[in-house]
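Written out below as structure tokens is the structure these notes cover.
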Number of protein chains: 2
Amino acid sequence: MEIMKTGARELADSPLEWLKGRGESSDIVFSCRVRLARNLERFVFPWRADPATLNAIADTIRARIASDHSIKPLRSLVIDSLDPLARGILVERHLVSPALARGGPGREAAMDEKGILSVMVNEEDHIRIQAFLDGLRIHDAWKAAREADQSLEDLGYAFDGKSGFLTTCPTNMGTGLRASVMIHLPALSVLRKIGRIVADCGRIGLTVRGMYGEGSDSAGSLFQVSNQVTLGQSEEELLEKVYGVASGLVDKERSARTQLMDVKGSELEDKAWRAWGLLRYARIVDRRESLELLSISRMASEMDILPPVPAIIWNRLLLDIQQAHMQARADRPLGAEELDARRADVFRRLFEPLPETGAI
Amino acid sequence: MEIMKTGARELADSPLEWLKGRGESSDIVFSCRVRLARNLERFVFPWRADPATLNAIADTIRARIASDHSIKPLRSLVIDSLDPLARGILVERHLVSPALARGGPGREAAMDEKGILSVMVNEEDHIRIQAFLDGLRIHDAWKAAREADQSLEDLGYAFDGKSGFLTTCPTNMGTGLRASVMIHLPALSVLRKIGRIVADCGRIGLTVRGMYGEGSDSAGSLFQVSNQVTLGQSEEELLEKVYGVASGLVDKERSARTQLMDVKGSELEDKAWRAWGLLRYARIVDRRESLELLSISRMASEMDILPPVPAIIWNRLLLDIQQAHMQARADRPLGAEELDARRADVFRRLFEPLPETGAI
């Protein structure tokens, strides 16, 4: 595939499979990701490589991606050829990391048309393969990542019988696999049960961190659960562990919602409808409030307190209210006040036409 | 007229002329009141009278009201014959004072069908005539009160060439007249100009106090402006002073609104639409918040930021969200939580069917 100049607007509008929200427990697990860290045996690790070497690494990987028709057609992007806004879009979509987005020699990314697969080149490792899917489709994501992995392994991975795949950072050695799920736990948050969950997960080698703000104080009650350890267990075991824990958290969240309705039903209804009213009417909404409004109203919609809203709308909103996405659509930089006003516009455009079941 | 047993519900639903909100500057001056304090020469003041005397006073006044067809037909109510809820309704409508509502020998009230005129019997004075009208119709209110006054004066008022009408409390001596306007000053409140207004009014013998909470911190930005002094000036001079000051405050409030729009336009729009969203959707609203929501949204509606809402709806709401009115309509006592839920219902019933101009 050729290297193309790509605009922020086009990237902001391109599909992401996970947005569809049709996978298992997609109401609570928004997305899952499987990431593989790989390095090529014949090159030094990126942090030790000079620009010529970094470019040689990128050329090698890009050529392989372009010539192998067994994996999904991937489009390669040279980070330095992208304007800052386009890079911001890729970061907000998690298709590239903030580190890769800073650019530099040999820093590239390749991604498929559906927004499932992305390959980062010369980030911390030569190759970072990522696959994203909706809900608890963690095994499907693994399959997609594995296909790309098999296509690239002919390049000669740095591998050791004892340590497994060799990586820049020892925490990625072994399988080089990190499986993660983005999970929405508003009822468990309200009932103050997140601290315990974080501790329990830590004991079995999993990490829980807030997507927006750390630990148990995550804005929007969005958490990422992932495996901490990559060594000493098979890929299947790691996936199974993350899947099992995430699946357990889904059950816990569902129970917590029932409990919340029993104990604080009227308060919950009031909060939910207030959020609904603000999403429909507010003119200025800052980032933190927007995450809170989305969180409470999505939960309440799923609990049949608020009108039904398709998962794809809730998911799109999580992207559409972010800075780079809003700027790309506005086609110009936006100041902080403009961002807050635009965020309210995004909500209003979506929520005003929705049906109301506000009958008393 | 006969004394009838009157239910709370009937009282809660009976007309009040000022609710129509069609008088001069009714958008800012919700209502005006002229009150006359009178006593009968042949009886001691109520606080010195024994029960038999109080009953004799009431009989005398009631008989006069029943026999005189020159004034509007007034209906007499014996306070002790009313249940607490019915008394609460009369207090919330300002037709009787909280002191009179406590009941006791000879305590009665008479009122017309339109809710313009009310006569309190054996409150602090033998007779308190009140007339309420919409907007700045303070001279019309004076006319209505004066008619009742002329009809009752044959009973023989306690009057002194030097002190004028004699009253229980010296602050009411002279004309016995208190003119007041209920005025809505949200923009002046936001711009923190109320403190100065209170001070300026004090210097010329007028009192400004918050309708809900004292002084410059009135919930809902509703203030009552009235004359402090009743002696040494003619009725016309007193009325003219209150009218002039209220009229000046109306102009100041209008300028403040323009200024507010210039300086904090987007913030104001956001606050207004948020209030609108909450009025349409909240499930629990306490008293203080309800006054704030009504205040901001009424101002914004009058400023064409929010959709138009007839003055009669805004005015009715001020009554309909009060405790006794809600309980009368529910036909049972309501706990604090039920009141907050019911208040939200009242708003929702009114605001949901209103047109939206929420286009972006």
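A few notes on this one:
- Single residue of A:Ser67, A:Ser76 found to be open to solvent by less than 30 Å² (accessible area, probe 1.4 Å) and of a type in the set (Gly, Ala, Ser): A:Ser76
- Taking helices (runs of 4 or more DSSP H) as the structural unit, those lying wholly within the range A:273-360 and holding at least 2 residues that are facing chain B (nearest Cβ under 10 Å) and over 21 Å from the mean Cα position of the chain (by Cα) correspond to A:336-351.
- In the set B:Leu191, B:Leu239, B:Leu231, only one residue is hydrophobic (A, V, I, L, M, F, W, C) and open to solvent by less than 10 Å² (accessible area, probe 1.4 Å); that residue is B:Leu239.
- Checked against the criteria, B:Val250 counts as more than 8 Å from every other protein chain (Cβ to nearest Cβ), open to solvent by less than 10 Å² (accessible area, probe 1.4 Å) and at pLDDT 95 or above.
- Hits in the range A:256-269 (condition: open to solvent by less than 70 Å² (accessible area, probe 1.4 Å), over 31 Å from the mean Cα position of the chain (by Cα) and within 7 Å of chain B (Cβ to nearest Cβ)): none
- Some residue of the range B:271-281 being among the hydrophobic types (A, V, I, L, M, F, W, C) and either surrounded by fewer than 18 Cβ atoms within 10 Å (Cβ to Cβ) or more than 19 Å from A:Lys271 (Cβ to Cβ) (or both): yes
- Subset of the range B:217-239 that is in a helix (DSSP H, G or I) and either in contact with a helix residue (DSSP H, G or I) (Cβ under 9 Å, 6 or more places away or on another chain) or among the small types (Gly, Ala, Ser) (or both) - its residue that is modelled with the lowest pLDDT: B:Asp217
- Screening A:Ala219 against (1) farther than 18 Å from A:Phe30 by Cα; (2) within 21 Å of the chain's Cα centre (by Cα) leaves a single unmet condition, (1).
- A:Ala246 of a type in the set (A, V, I, L, M, F, W, C), assigned to a helix (DSSP H, G or I) and more than 30 Å from A:Arg38 (Cα to Cα): no
The values are calculated or read from the model by the stated rules, or taken from the named source; none is laboratory data. Predicted model, so just to flag it, every value in this text is computed and none were measured. Virtual Cβ from ideal backbone geometry, glycine too; neighbours counted across all protein chains shown. Accessible surface is based on the protein model in full, side chains and every heavy atom, while ligands, DNA and RNA are left aside. Shrake-Rupley method; radii C 1.70, N 1.55, O 1.52, S 1.80 Å.
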